[in-house]
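In what follows, a structure is listed as structure tokens, so that the remarks can point back to it.
The values are calculated or read from the model by the stated rules, or taken from the named source; none is laboratory data. Keep in mind it's a predicted model, so treat the numbers as computed, not measured. Note that we place each Cβ from the backbone using ideal geometry, even for glycine, and neighbour counts take in every protein chain shown.
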Amino acid sequence: MFEGVPIHWFLVLATTMFFIGIYGFLVRKNLITMLMSIELILNSVCINFVAFNKILFPEHLEGMFFTLFIIAVAAAEASVAIAIIINIYRRIVNIDVEKMNEMKY
Amino acid sequence: MIDFSYTIWILLIPLLVFVVTGLTGNRFKPIVTGIVGTTGLGVVFLLSVFTAYKYFFVIDKVDGAFQRLLAFNYNWLNLTDKLHINIGILLDPISVMMLIVISTVSFMVHIYSLGYMKGEKGFARFFSILSLFSFSMLGLVIATNIFQMYIFWELVGVSSFLLIGFYYERDSAVAASKKAFIVTRFADLGFLIGILLLSYLTGTFDFITLTGPNSPAFTSGQGIMFLGMSTMTWSMLLIFMGGAGKSAMFPLHIWLPDAMEGPTPVSALIHAATMVVAGVYLVARMFPIFHHQESALDIVAWVGGFTSLFAAVIACTQYDIKRVLAYSTMSQIGMMMLALGVSGYGGEEGLGYMASMFHLFTHAFFKALLFLGAGAIIHAVHSNYMNEMGGLRKYLPITHATFLIACLAIAGIPPFAGFFSKDEILVATFHHNKILFAMAYLVAGMTAFYMFRLYFNVFWGKDQHYHHTPHEAPATMTIPLIILAIGSTFAGFIPFTKLVTSDSLPFETHTEWGIAIPAVFIALVGIGIATMLYMKQSENSKKISLALGGFYTAAFNKFYIDQVYLFITKKILFNYVSRPVAWFDRHIVDGTMNQFAYVTNVVSDRIKGFQSGQLQQYALVFVSGVIGLALLFTYLWTN
Amino acid sequence: MLFSAVIVVFSLLTVTSRRILRAATFLLFVLVSTSGLYFLLRFNFLAAIQLTLYAGGIVVLIIFSILLTSHISEKLAIPPLTKRLYAAIAAVAGAVLCIVTILQTGFVQKTMDPTRVHIRTIGEGMLSTEKYGYALPFEVISVLLLAAMIGSIILAKKRND
């Protein structure tokens, strides 16, 4: 049953998730929720890669490997981001993104 | 064909001295700059004498006339195919003669300045600008084309400005230098328009072409009339305007008396012997064209005659010795212009031309001598005014003797130089126009009168009480005086008619005793009146001046010409021309710029919100931009 | 299909929920569903990795940081309407653009090929140095992880001021 799923479904799904993630990034005030939105975006990209790999190029495995690396990088980036957030929290006891506006005119 | 290319050094040496001393003058002791400048001019003097000797006596004449040689003609700027500005050296009788005059007087002034300017603060600057002036004046006289002459003309004006304003801390000196520069610059405007008109009509700047036998100047520009005179006449008149400004002819004479604010050696060099004769030289250079335009030449003669009379009258009333000499210079140059104006062209007809050049030559000697002598007097007494001097003959023997020689020369007493040259002028004028002759005759008498008035007031009269005993000038100052005195005495015997004439052909002449004897007679009358009034201290002079009343006051105030000029500039020009222009500049031109700045300010104030520091705003803009571009490229670009 | 629906719904909830911890939980559900999707695509190894790293590691990290930095029980403020509107417009516009493009593109192969991938192939692929080998990225990734580790430790260190 599952074999007949055409590729567009996967792509549309990935796109939707991507743009939901963008919406979340633009709307949320808390830094950590912004980070969660970013994870959503990355995840959507992973799905995209995997879908392309499986359906268009069944013999090669590039998509999968790429996805592996994306996951690894996402992990690293999330940890660094958390470290920064903790640092900011220590300075101003607040992680509201609107309060972080020192690079302005 | 003898090679004259070494003459380039006559020009280059003063220029090099100027540059070197200008840049390094303050590093060495002042005397070093003085010696460098003087040596440079000494070399130039020797080169000029050598050139003159070779030119007049060694090389052959062509058709009996002296050749006009181009030692050097470098094509500098090509304006069109045929019209080009060259830089070069033209040797012809008048330019070689002027070389001698300029280098001699300049050399004497350099030696004199070693003594006169000693201890002055700007000693090195003085010598470097003197060299600049020598360079410019030498360049002016050996110019091959009128544009080169114009370039050096302006350079001479600049040097004069720098030297008049030498004591720049004095307001009067600064004002005088500005006045000189502005008046001569205004005259040069006419000169430039004249040059452009002339070159437009004839298609060339070159002197040899313009004044040769088949000059295009004789044929072109005759048809079009403007205000009753042809275009060629207008261009000649405009060129003469430039010359009139430089030579202090009426009404552009106002700068010359004020120029006496400069140091005395400057007055001797520039305003007596060399720069002020530039105008006369210009007319002499363009003489064939002037001669062709009758009306232009007439105007030259009348302006010259009127100026000489006018200046002589004023000179009789002045008390500042340098101003008396300044007006005397104006008067003598007027005589030179007059002589040129009444001259014909070719052979015997060209007597006026020859007389004018001869007078230029001798005048340089005795006028420089007079000024340098005045400098020695001022140096001894520390005052410029006649009424504070008297009885100086006991204290300044050498100055006294040389000054007396110069006065006799300028009065026209034989056998001194002035007699011969002035006599020729009177002869030429007599044969042309009797009214002008009467004016010239009167001027000769008045010249004798005011010069001896000066002489007696300074050297005779009552003994004043001086602050300290006046001492004779040092050797560096008296030696030039003596040399110039020798020149004034013997220069009259040089056979000018063989050397410098209107068409370069020598001719014979003899002294016309019918004119010479009355000339000497009126000179003696003038001297006699002066002796009666001034030799002994008396009240006669004051009684005469009171009797003349209003006329005397007018003459004393230089006929109020300065006030007229001030009125014109202040009331008319400033109010009606300068004020609107200034208003326009301030409000419209500056206003536009200010508006630009204001608008920029306002706009930037409004859009600085883009840099708010809000991360999400940045991200929003970014995402929207990407989507917008994607839309654009996918659907709207129908490439 | 089910998974897709789940993913979409939960992701929406993640970005709009008012309590942080609930948002984190919804994120967890999203990631788990993605992993399920991978299983269906017969990428077993990848699915396992996703579960371990993403769902297990990152979400746990996020929850830790939430506990460290904010008041858990506090409700997050609703962002102002203008901000939501602009963001929604941007997101929707972008989504529409992409979806339209996708649907219009003709893909060569439309459906999936149900062959399984052996773990052995993956292992060989990862460490081989030939044309399709991934040895170099493997090494680079390990360096990157090292750097990230060191970086976060230094950044989050307590300063002895």
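Some notes on this structure:
- Any pair with Cβ under 8 angstrom, 6 or more apart, that starts in the stretch A:75-87 at a residue that is within 7 Å of chain C (Cβ to nearest Cβ) and ends at one that is of a type in the set (D, E, K, R) and crowded, with 20+ Cβ neighbours inside 10 Å: A:78/A:39
- Selection status of residue C:31, part of a helix (DSSP H, G or I) and more than 24 Å from residue A:26 (Cβ to Cβ): no
- Sole exception among (1) under 26 Å from residue B:542 (Cα atoms); (2) at pLDDT 85 or above for residue B:466, by number: (2)
- Single residue of the stretch C:77-88 satisfying the filter (surrounded by 14 or more Cβ atoms within 10 Å (Cβ to Cβ) and over 23 Å from the mean Cα position of the chain (by Cα)) that is nearest to residue B:631 (Cα to Cα): C:86
- In this structure, residue B:337 does satisfy being closer than 24 Å to residue B:494 by Cα and either at pLDDT 85 or above or touching a Pro at 6+ places or on another chain (Cβ under 6 Å) (or both).
- Qualifying residue in the stretch C:51-60 (condition: over 20 Å from residue A:64 (Cβ atoms), assigned to a helix (DSSP H, G or I) and facing chain A (nearest Cβ under 7 Å)): no
- One residue from A:83, A:78 being part of a helix (DSSP H, G or I) and surrounded by fewer than 22 Cβ atoms within 10 Å (Cβ to Cβ): A:83
- Qualifying residue in the stretch B:174-188 (condition: part of a loop (DSSP other than H, G, I, E, B) and touching a Ser or Thr at 6+ places or on another chain (Cβ under 9 Å)): no
- Test: residue in the stretch B:523-545 that is at pLDDT 70 or above and over 20 Å from residue B:457 (Cβ atoms): no
- Residue A:30 vs. criteria out of contact with any strand residue (DSSP E or B) (no Cβ under 6 Å at 6 or more places or on another chain), at the interface with chain C (Cβ under 7 Å from one of its Cβ atoms) and surrounded by fewer than 23 Cβ atoms within 10 Å (Cβ to Cβ): yes
- Conditions (1) hydroxyl-bearing (Ser, Thr, Tyr); (2) touching a residue at least 24 places away in the same chain (Cβ under 8 Å); (3) facing chain C (nearest Cβ under 7 Å); number of the one not met by residue A:44: (3)
- Some residue of the stretch A:65-75 being closer than 18 Å to residue C:64 by Cβ and either polar (S, T, N, Q) or surrounded by fewer than 21 Cβ atoms within 10 Å (Cβ to Cβ) (or both): yes
- Test for residue A:97: is it in contact (Cβ under 8 Å) with a residue 60 or more places away in the chain, farther than 22 Å from residue C:57 by Cα, surrounded by fewer than 21 Cβ atoms within 10 Å (Cβ to Cβ) and more than 8 Å from chain C (Cβ to nearest Cβ): yes
Each row is one residue, and each column tells you yes or no for (1) surrounded by fewer than 24 Cβ atoms within 10 Å (Cβ to Cβ); (2) touching a Lys or Arg at 6+ places or on another chain (Cβ under 8 Å); (3) closer than 30 Å to residue B:212 by Cα; (4) among the aromatic types (Phe, Trp, Tyr).
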| position | (1), (2), (3), (4) |
| --- | --- |
| B:302 | yes, no, yes, yes |
| B:309 | yes, no, no, no |
| B:320 | yes, no, no, no |
| B:329 | no, yes, no, no |
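- Any hit, the stretch C:66-76, residues being in a helix (DSSP H, G or I) and at pLDDT 85 or above: yes
- Number of residues in the stretch B:338-373 that are over 13 Å from residue B:422 (Cα atoms) and over 20 Å from the mean Cα position of the chain (by Cα) equals 10.
- Summed over the stretch A:54-64, residues that are surrounded by fewer than 22 Cβ atoms within 10 Å (Cβ to Cβ) and not in a loop (DSSP other than H, G, I, E, B) total 3.
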